[in-house]
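Reviewing the structure listed below.
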Amino acid sequence: MNDLRPATLVARFSLSELLWSPRTLAMVALAGTPLGLALAYRVALALRATETGGASVFSTLVSSVFFPFVAPMLSLVYASGVVRDDVEAGTMPYFLTRPLSRASFLSGKMLASFTMTLALLLPSLVLVYYVVLSPSGWAEVGARFPDLARDLAVAALGLVAYNGVFALAGTVLKRP
């Protein structure tokens, strides 16, 4: 088995760059959009303007906001720049002159991209779950927890697929 140390070093370096990049602030706002919708639901619930159950609101937010919009956009922003960011910043020659295989470089960059998208999407999903379902009582929150666990697993698998597709597009295309 190959040594994973070079890939993890690249991932740590890339993650520190991604964490403090200006686009992360915009992506935090994007990942927080469903939370804003969940808070609007709570306000409507407090004003008795809605009678919709929390479970149906959560499933609607997951199926119409998280999976078709937020997850692909996060992956698009982070994964398409896996190679492009280093080419534009001029750090690619530095990486290529180091005793580092291209596979280690790419896998480290992909790991950082996946970690960043996961760190933005999953907490938002969990917060929306609790904001929307907590008015129904903690028994309802606990009873529906397997739905949350399933949605978290699907989100993680979806991010793997999205990141792979967008990283390939960002690497192959001249202007991703």
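Take the Cα of L9, go 7 Å toward its beta carbon, and the backbone nitrogen atoms of the stretch 88-118 under 20 Å from that spot belong to 90-113. Near G158: Cβ cut-off under 13 Å, other residues only, Lys/Arg at +1 and Asp/Glu at -1. The net charge is 0. Each residue of the stretch 67-84 is assigned a 3J(HN,Hα), and the resulting list reads 6, x, 10, 5, 4, x, 5, 4, 5, 4, 5, 7, 6, 5, x, 3, 9, 4 Hz, derived from the Karplus form 6.51 cos²θ - 1.76 cosθ + 1.60 (θ = phi - 60°), x at Gly and Pro. Neighbours of S14 by Cβ distance under 10 Å: Lys/Arg scored +1, Asp/Glu scored -1, total -1.
Distance between the 7 Å Cα→Cβ label points at E88 and L19: 2.2 nm. Using the rule -39500 (n - 2.57) for each DSSP H run of four or more residues, divided by the residues of the chain, the 222 nm mean residue ellipticity is -26000 deg cm²/dmol. Ordering of 125-133, 19-27 by packing is 125-133, 19-27, highest average first (other Cβ atoms within 10 Å, averaged per residue).
The magnitude of the dipole of the chain, with charges of +1 and -1 set on the Cβ of Lys/Arg and Asp/Glu and taken from the Cα centre, is near 340 debye.
Mean sequence separation of contacting Cα pairs (under 8 Å, at least six apart), scaled by the length of the stretch 92-176, corresponds to a relative contact order of 33 percent. Relative to the dominant Cα principal axis of the chain, helix 22-46 is inclined by about 10°. Per residue, the stretch 29-99 exposes 51 Å² of accessible surface when a 1.4 Å probe is rolled over the protein heavy atoms with every protein chain present.
Charge dipole of the stretch 96-163 (Cα centre as origin; +1 on each Lys and Arg Cβ, -1 on each Asp and Glu Cβ, all else neutral): 440 debye, rounded to the nearest 20.
Peptide packing: for 73-82, 57-66, the average count of neighbouring Cβ atoms within 10 Å per residue gives the ranking 73-82, 57-66, highest mean first. What the Cβ-Cβ distance of T60 and T97 gives, at R0 = 41 Å and to the nearest 0.05, is a FRET efficiency of 0.20. Let a ≥ b ≥ c be the square roots of the eigenvalues of the Cα gyration tensor of the stretch 23-62; is it rounded (a/c under 1.5), or, if not, prolate (a/b larger than b/c) or oblate? It is oblate, given that a/c is not under 1.5 and a/b is not larger than b/c. In the chain, Cα pairs under 8 Å separated by at least six residues give a relative contact order of 40 percent. Here the accessible area of the chain is 69 percent carbon and sulfur, with a 1.4 angstrom probe and all protein chains present. One chain, two ends: L157 and L122. Fully extended at 0.36 nm per residue, the span grows by 11.4 nm beyond their Cα-Cα distance.
The values are calculated or read from the model by the stated rules, or taken from the named source; none is laboratory data. This is a predicted model, so every value here is computed, not measured. Quick reminder, even Gly has a Cβ in these numbers, built from the backbone with ideal geometry, and neighbours come from all protein chains shown. When the accessible area is computed, the model is the full protein with side chains, heavy atoms only, and any ligands, DNA or RNA have been set aside. Shrake-Rupley method; radii C 1.70, N 1.55, O 1.52, S 1.80 Å.
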